[in-house]
Each structure stands twice: as structure tokens, then as C-alpha cells.
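**Q** Let me give you the structure first, and then I'll get to my questions.
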Amino acid sequence: TQETLSAEAWGQVNKLYLYLCSRRAQKRFAASPPRFFDSIKRACILFDGLVDGTLPRTEVFHFLQLGRYLERVNQISRILNVKLHGIAQNGEALADHPVPIVHWSSLLRSCSAYEAYLREHHERIDPEGVVRYLVLDSDFPRAMRFCVARCCESLHEIAEVDDDEDGSEAERQLGRLDSELRYIDVGEIFGQGLSRFLTGVQDSCNRIGDEIHQAYFFS
């Protein structure tokens, strides 16, 4: 809502809303869907930057961070599940699966991870490395482990403001997911089945979201 955001952040989200309602947006989408979606992505990145640069680190900021990163975990897991459906199941080695390199490059690009991955892996696109990077990397801001850690930090800050000494169920579930992503390795993920693992992460995100709603927004 307007009163919780800075004027700059509110102005940006309002500008994006008005654009999406305009004939100009309809024409751009009809002419070039990729350009249209790229403009939306850039507008969202600008909003995130304005939030980061103009909001005090209060409950409002941490709720925005919590929502952003919890949604990102869910979306990255869904992208991986769709892109890699049927690969490395039933004990099959991912590296042995005959998937073209262009498939892995496309996966990285769809997660805005292509350049960052190549800088770290020196232009070698290794299938298991791709999954390890998007799931278990602790430094890349779109990796699932990174995002869950940020969720834990923000929810902890929110709980401290509310004097919740025992910790909420959402905190406990986030803590379990954070521990799993810290200590599991790629071999274990494929051992239990990639799709099963990713579906489990999505289920955890849904439960955590429900618990946050019950704890802070349900009346």
C-alpha cells in the first residue's frame, strides 16, 4: 500500500501498473513478446532497487524481502522441474543424459544465471554443475539456498519486532529447509529423484507461506 512504501518505490509500481493498462503495452506485446517481457522484468528490477535504496530496515522492508525471496525459491524450483522433467530419475546419472548444451544454456538464461555461472565455471557448462549452482550456491542471489537464507534473516527480524521468543512455525519450517539446502549435495538430490526433491521444496514454500499468513495477516 502507498503509505508503507517510499514515494520513489510507489511511483515506480504505479507507473508499471499504468503502463500495463495502456494501449502502448498491448501494441508492444503484439509486436514483440520478448521485448515486452524484458521491459516488465527491468521495471520490476528497478522497483526492487528503489525498495532496497529508500526503505528503512523495518518490518515493511523485511516483509517485502521475505515475499520476494520465498517467491523466488518457488519459481526457480518450478523452472528447474519443468526444464529437467524426466532427467536423472530412477538413479540415472544427469551427466550421462543426452541433453544438448543449448538446453542447459537456456535453463541458465531463464534464471538470469548464464553469465554468473560462466564466470565461476570458466565457460564449461556441466549439467550437474548447473543444478548445483541454481539449487545449492550460497552467493548467487537467485540460487535456492541463497534465497532461503535471506528469508530466514528477514523472518527472524520480523519475529524480534513482535517479541516472538519461541519462534513461529514458519521460522521452524524455514530453518529445516535452510538446513537441508546447506548440507545436501547434488548426488543426494538425484538419488531421491530431482522432481521429488523440487516438489518437496515447493510444498515447503507453500506451507511456510500459509504459516506466515496465519501468524501475521490472519484476522
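The values are calculated or read from the model by the stated rules, or taken from the named source; none is laboratory data. Bear in mind that the values here come from a model prediction, so they are computed numbers and not experimental data. Ideal geometry is used to build each Cβ from the backbone, glycine not excepted, and the neighbour counts take in all protein chains shown. Calculation scope for accessible area: heavy atoms of the full protein, side chains included, ligands and nucleic acids excluded. Shrake-Rupley method; radii C 1.70, N 1.55, O 1.52, S 1.80 Å.
**Q** How long are the semi-axes of the equivalent ellipsoid of the chain, taking √(5λ) for every eigenvalue λ of the Cα gyration tensor, in whole Å from largest down? Please report the intermediate quantities before stating the final value.
**A** Details: eigenvalues 189, 137, 42 Å².
Square roots of five times the eigenvalues give 31, 26, 15 Å.
**Q** Let me ask something else about it. Is there a quick way to get the dipole size of the chain? I mean about its Cα centre, with the Cβ of Lys and Arg at +1 and of Asp and Glu at -1; what is the value in debye to the nearest 20? Present the calculation step by step, with values, prior to reporting the outcome.
**A** Working: 25 positive and 33 negative charges, 354 e Å.
Computed about the Cα centre, the dipole is about 1700 debye.
**Q** Just tell me, in residue order, which DSSP H segments of the chain are both 18 angstrom or longer along the helix axis (alpha-carbon based) and at least 0.0 in mean Kyte-Doolittle hydropathy.
**A** Values: long enough: 7-20 (20 Å, 0.06); 33-54 (31 Å, 0.21); 59-83 (36 Å, -0.07); 144-161 (26 Å, 0.50); 169-183 (21 Å, -1.35); 194-212 (27 Å, -0.18).
Once both thresholds are applied, what remains is 7-20, 33-54, 144-161.
**Q** Anyone know which of S138, S179, S32 comes out most mobile in the 10 Å Cα GNM of the chain?
**A** Highest fluctuation of the listed residues: S32.
**Q** How many nm separate the modelled label positions at E3 and R109, each set 7 Å beyond the Cα in the direction of the Cβ?
**A** Using points 7 Å along Cα→Cβ, the separation is 4.7 nm.
**Q** Per the 1.4 Å probe, what fraction of the accessible area of the range 107-219, in percent, lies on carbon and sulfur atoms? Write down the numbers at each step before the final one.
**A** On the way: 2490 of 5910 Å².
The value for the range 107-219 is 42 percent carbon and sulfur by accessible area.
**Q** Moving to a separate point now. Cα to Cα, under 21 Å, and not fewer than 8 places away if on the same chain: which lysines meet these conditions relative to K27?
**A** Excluding near neighbours in sequence, the set is K15, K41.
**Q** Got the relative contact order for the chain handy, in percent, Cα pairs under 8 Å and 6 or more residues apart? Don't skip to the end; give the middle numbers.
**A** Details: 194 pairs, mean separation 50.8, N = 219.
Value for the chain: 23 percent.
**Q** What number, in percent, do you get for the relative contact order of the range 127-196 if the mean sequence gap of Cα pairs under 8 Å and at least 6 apart is divided by its residue count?
**A** Numbers: 48 pairs, mean separation 20.9, N = 70.
Answer for the range 127-196 is 30 percent.
**Q** Could you tell me which of S22, T1, L80 has its Cα farthest along the dipole of the chain towards the positive end, charges placed at Cβ (Lys, Arg +1; Asp, Glu -1), taken about the Cα centre?
**A** Farthest along the dipole direction, towards plus: S22.
**Q** Rank L181, L50, L136 by mean-square fluctuation in a GNM of the chain with C-alpha springs under 10 angstrom and give only the top-ranked residue.
**A** L50
**Q** Also, I was wondering about something else. Positive end of the charge dipole of the range 136-219 (Lys, Arg +1 and Asp, Glu -1 on Cβ, about the Cα centre): tell me which of Q214, V201, C152 has its Cα farthest that way.
**A** Result: V201, furthest along the dipole toward the positive end.
**Q** On to the next question. Do the sum for the chain: with -39,500 (n - 2.57) for every DSSP H run of n ≥ 4, divided by all residues, what is the mean residue ellipticity at 222 nm, to the nearest 500 deg cm²/dmol?
**A** Details: 11 runs with 157 residues, N = 219.
When only DSSP H runs of four or more count, the value is -23000 deg cm²/dmol.
**Q** In a Gaussian network model over the chain where Cα atoms closer than 10 Å are linked, find which of G187, G67, G11 has the largest mean-square fluctuation.
**A** Of the options given, G11 has the highest mean-square fluctuation.
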